[in-house]
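Novice: Here's a structure for you.
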Amino acid sequence: MPARGGGSAIEWTGADSRDADVTDRKAVAALVARVRPDAILHAAGYTDVAKAESDRATCWATNVTGTRNVADAAAEAGARLIHVSSDYVFWGGEDRPDGGYRETDPVGPVRNYYALTKLVAEEAARRAPEALIVRTSFRASAWPHPSAFDDLHTSQDYVDVIAADFALLLAHLHEIDDGILHVVTERKSVYDLIARRTPHVRRGSRTDAPVALPEDISLNADRWRELKGRWT
Ligand SMILES: NC(=O)c1ccc[n+]([C@@H]2O[C@H](COP(=O)([O-])OP(=O)(O)OC[C@H]3O[C@@H](n4cnc5c(N)ncnc54)[C@H](OP(=O)(O)O)[C@@H]3O)[C@@H](O)[C@H]2O)c1
């Protein structure tokens, strides 16, 4: 999503995979050259965590090569890059039994292939001189499964909650330094989050998932809370 303008006059315009395939370096460069944005919110990604294990080439091409292409195009255009990253860049286990990873904590090792590509994508994003890496996590409001993991702790929230936070962040982009920012809410189990809007959901276990998942991947969002408090 590229943007023109600065401060409160910022205007955002959407772009999706029909406008440019992020794995196509020339197509990304051409789109950015046409729009000439001041900032780019890069949210395109390969997000099927289970399928990524058997479709590694596509996952890498989309998440790592795609981010590199967007970062290089942003650098070429002098645009600020806001890269959407993930809590999965952390291990989320016995190294931190109560989670709460901070922006300054070392990342990795990772649990699965999707997580690896998101970790490497952060390095690719840094090819843009003014990169803001936003680690987040969110769920759709409608829960499609009969159960939700009660042994996986997270600071994720519903997409409408996180999207509102992103809107606030983008409105104050010029007040945020480059680097890393965690945009999430409080620590809870996935089950506790899902039960808020789907009261009849059953308790499940992350060990039933077809892919290795962390135990506690919650992020510390003190810095985001402080910024949000200043703006609301
Ligand atoms: N959901 C989470 O909890 C979570 C957590 C942390 C980080 N994230 C990150 O947040 C971002 C958005 O995730 P999401 O959950 O909203 O995923 P999503 O619903 O699967 O959306 C991914 C988007 O990426 C686009 N895309 C995929 N391959 C592309 C390509 N080659 N070129 C251009 N666009 C492409 C898709 O477009 P098409 O539909 O047209 O293919 C889709 O619009 C991703 O970077 C993801 O890693 C998500």
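Novice: Could you tell me which of rounded, prolate or oblate describes region 22-139, using a ≥ b ≥ c as the square roots of the eigenvalues of the alpha-carbon gyration tensor, with rounded for a/c under 1.5 and, failing that, prolate when a/b is larger than b/c and oblate otherwise?
Specialist: oblate
Novice: Something else: Give me the Kirkwood hydrodynamic radius of the chain in Å, from all C-alpha pairs, to one decimal place?
Specialist: Computed over the chain, the radius equals 18.2 Å.
Novice: Here is a further query. Among DSSP beta bridges whose residues both lie in region 134-232, state the antiparallel percentage, nearest 5.
Specialist: Antiparallel bridges: around 20 percent, rounded to the nearest 5.
Novice: Just to check I understand the Karplus step: with θ = phi - 60° and J = 6.51 cos²θ - 1.76 cosθ + 1.60, what whole-Hz values come out for region 26-38, glycine and proline as x?
Specialist: 5, 5, 5, 4, 5, 4, 5, 5, 6, 7, 6, x, 8
Novice: Now a separate question. Subtracting the Cα-Cα distance from 0.36 nm times the residue separation, let me have the gained length for residue 225 to residue 18 in nm, one decimal.
Specialist: Length gained, residue 225 through residue 18: 71.0 nm.
Novice: To continue, here is another question. Once amide H atoms are placed 1.01 Å from N in the peptide plane, what residues at a sequence separation of 5 or more from residue 147, or on another chain, have their amide H within under 5 Å of its amide H?
Specialist: Correct list: 202.
Novice: Continuing with this model, one more query. Where a Cα-Cα gap under 18 Å defines reach, which lysines qualify for residue 118, not counting those fewer than 8 residues away within the same chain?
Specialist: Hits, sequence-local ones excluded: 51.
Novice: If you restrict to DSSP beta bridges whose two residues both lie in the chain, what percentage is antiparallel, to the nearest 5?
Specialist: Counting DSSP beta bridges with both partners in the chain, the antiparallel share is about 20 percent.
Novice: Here is a further query. Along the Cα-to-C-beta direction of residue 177, a point sits 7 Å from the Cα; which residues of region 68-107 have their amide N less than 15 Å from that point?
Specialist: 103-105
Novice: Then there's this: Subtract the Cα-Cα distance of residue 57 and residue 142 from 0.36 nm times their separation in residues, and report this length gain in nm to one decimal.
Specialist: 27.6 nm
Novice: To continue, here is another question. With the alpha-carbon atoms as the only input, what is the per residue convex hull volume for region 168-209 in Å³?
Specialist: 130 Å³
Novice: Let me ask something else about it. Once you order the gyration tensor axes a ≥ b ≥ c over the Cα atoms, which shape class does region 49-104 get: rounded for a/c under 1.5, otherwise prolate or oblate by comparing a/b with b/c?
Specialist: Taking the square roots of the gyration eigenvalues as a ≥ b ≥ c, region 49-104 is oblate.
Quick note: the coordinates plus some simple rules give every number you see, no bench work behind them. No experiment lies behind these values; they were computed from the predicted model shown. Glycine gets a Cβ as well: all are built from the backbone with ideal geometry, and neighbour counts include every protein chain shown.
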